[in-house]
Amino acid sequence: MILIDLSQIMVASTMMSMGKEESEVDIDMVRHMILNSLRMYRSKYYDEYGELILCCDGRHSWRREHFPQYKAARKSNRDADNRNWTQIFGCLDTIKSELKEFFPYKYLEIDEAEADDIIGVLARQSGSEKVMIISGDKDFIQLQTYKNVKQYSPITKKLVTTNNPYNYLKEHIMRGDSSDGIPNFLSSDNCIVDKIRQKPLSKKKVESWLGESPVDFCNEEQLRNYHRNMKLIDLQYTPLNIVDRIKQQFDVVPQGKRSGLLNFFVERKLNNLIQDIGEF
């Protein structure tokens, strides 16, 4: 299976189409860029990995309930941006609806789950089936503990690899993820949101701790923060009720039909893609 981190691909395509200057969203251009990307990934990997599965962020995230600071800075960053994010999200919602209705792929979107959760669950239950994850998100490197899982980054246009996915995950937990509002395990919950400098965490210290249990190098507060980060970053901590809903939706959601593709392309004036319609 080819697991598409759809939200990342859609936002990246939109930003590329708009550039850095304030401008209106051209939905026709964004649609073309997203569809052409999906076509390219399917053409590149279908023979070895099978069909695309579109994995999308739900409207809410259980991580925000667990940790209110999770991705909290993103809204303020959007508010400070010149782009019209209401228009952008409206454009992306339209294209998501079209993908669900007209394209021959499974489309998974579960309330409270992020695409990370969906991809994590499907990768873990894939057995011996080959899995290709299409995303530049470093959170998925941990899934390379499963030998049948690989990851391709649309950003670098290369496979994402690591020598030791176990150590990578542990280091990720220690360092946190500032882009998601997750501080390192030495720092308080609110330091990123409140723009307080995090406590320094040297490469030498991290390397020395990789072979130790957290209880051996953490005091009480640090151990609490380590577990905070582990729950947010380690995809094995997706709540069981959400895991069950992901599995249920995967089993019951139909794979779309190809019969309406040509009419869709004609009506949306996707003339440059019609000649490649067989690659969708």
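Quick rundown of the values:
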read-out	value
Extreme residue, surrounded by the most Cβ atoms within 10 Å (Cβ to Cβ), among residues of the range 51-98 that are among the aliphatic types (A, V, I, L, M) and more than 28 Å from D189 (Cβ to Cβ)	L52
Count of residues meeting criterion [surrounded by fewer than 16 Cβ atoms within 10 Å (Cβ to Cβ) and either out of contact with any Leu (no Cβ under 8 Å at 6 or more places or on another chain) or in contact (Cβ under 8 Å) with a residue 60 or more places away in the chain (or both)] in the range 164-192	6
Filter result for E51 (in contact with a Phe, Trp or Tyr (Cβ under 7 Å, 6 or more places away or on another chain), over 22 Å from I233 (Cα atoms), among the charged types (D, E, K, R) and in the same structural domain as K130 (by TED's automatic domain parsing))	yes
Identity of the residue in the range 249-267, closer than 20 Å to G278 by Cα and of a type in the set (F, W, Y), that ends up surrounded by the most Cβ atoms within 10 Å (Cβ to Cβ)	F265
Failed criterion for T14 (all others in (1) at pLDDT 95 or above; (2) among the hydroxyl-bearing types (S, T, Y); (3) crowded, with 19+ Cβ neighbours inside 10 Å hold)	(1)
Positions within the range 125-139 being outside any strand (DSSP E or B), surrounded by fewer than 24 Cβ atoms within 10 Å (Cβ to Cβ) and touching a residue at least 24 places away in the same chain (Cβ under 8 Å), in sequence order	Q125, S126, E129, K130, G136, D137, K138, D139
Conditions (1) more than 30 Å from Y105 (Cβ to Cβ); (2) free of Cβ contacts under 8 Å to residues at least 24 places away in the same chain; (3) out of contact with any Leu (no Cβ under 9 Å at 6 or more places or on another chain): number failed by V215	(3)
Any hit, the range 70-78, residues being assigned by TED's automatic domain parsing to the domain that holds G19, within 30 Å of N241 (Cβ to Cβ), touching a residue at least 40 places away in the same chain (Cβ under 8 Å) and aromatic (F, W, Y)	yes
Within the range 233-280, helices (runs of 4 or more DSSP H) holding 3 or more residues that are free of Cβ contacts under 8 Å to residues at least 40 places away in the same chain, in the same structural domain as C55 (by TED's automatic domain parsing) and more than 27 Å from the chain's Cα centre (by Cα)	261-267
The one condition in (1) polar (S, T, N, Q); (2) buried (at least 19 other Cβ atoms within 10 Å of the Cβ); (3) in a helix (DSSP H, G or I) that Q151 fails to fulfil	(3)
Unmet criterion (only one of (1) in a loop (DSSP other than H, G, I, E, B); (2) in contact with a helix residue (DSSP H, G or I) (Cβ under 9 Å, 6 or more places away or on another chain)) for N82	(2)
Residue list for the range 1-57, restricted to those being outside any strand (DSSP E or B), in contact with a Ser or Thr (Cβ under 8 Å, 6 or more places away or on another chain) and touching a residue at least 12 places away in the same chain (Cβ under 8 Å)	M1, Q8, I9, S13, V25, I27, M29, V30, M33, I34, S37, D57
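Yes/no matrix, rows are residues, columns are (1) farther than 17 Å from H66 by Cα; (2) outside any loop (DSSP other than H, G, I, E, B); (3) among the small types (G, A, S); (4) not assigned by TED's automatic domain parsing to the domain that holds D117:
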position	(1), (2), (3), (4)
D189	no, no, no, yes
V193	no, no, no, yes
R197	yes, no, no, yes
E221	yes, yes, no, yes
R228	no, yes, no, yes
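The values are calculated or read from the model by the stated rules, or taken from the named source; none is laboratory data. These numbers were taken from a predicted model, which means no experiment stands behind them. Every residue, glycine among them, receives a Cβ derived from its backbone with ideal geometry; neighbour counts consider all protein chains shown.
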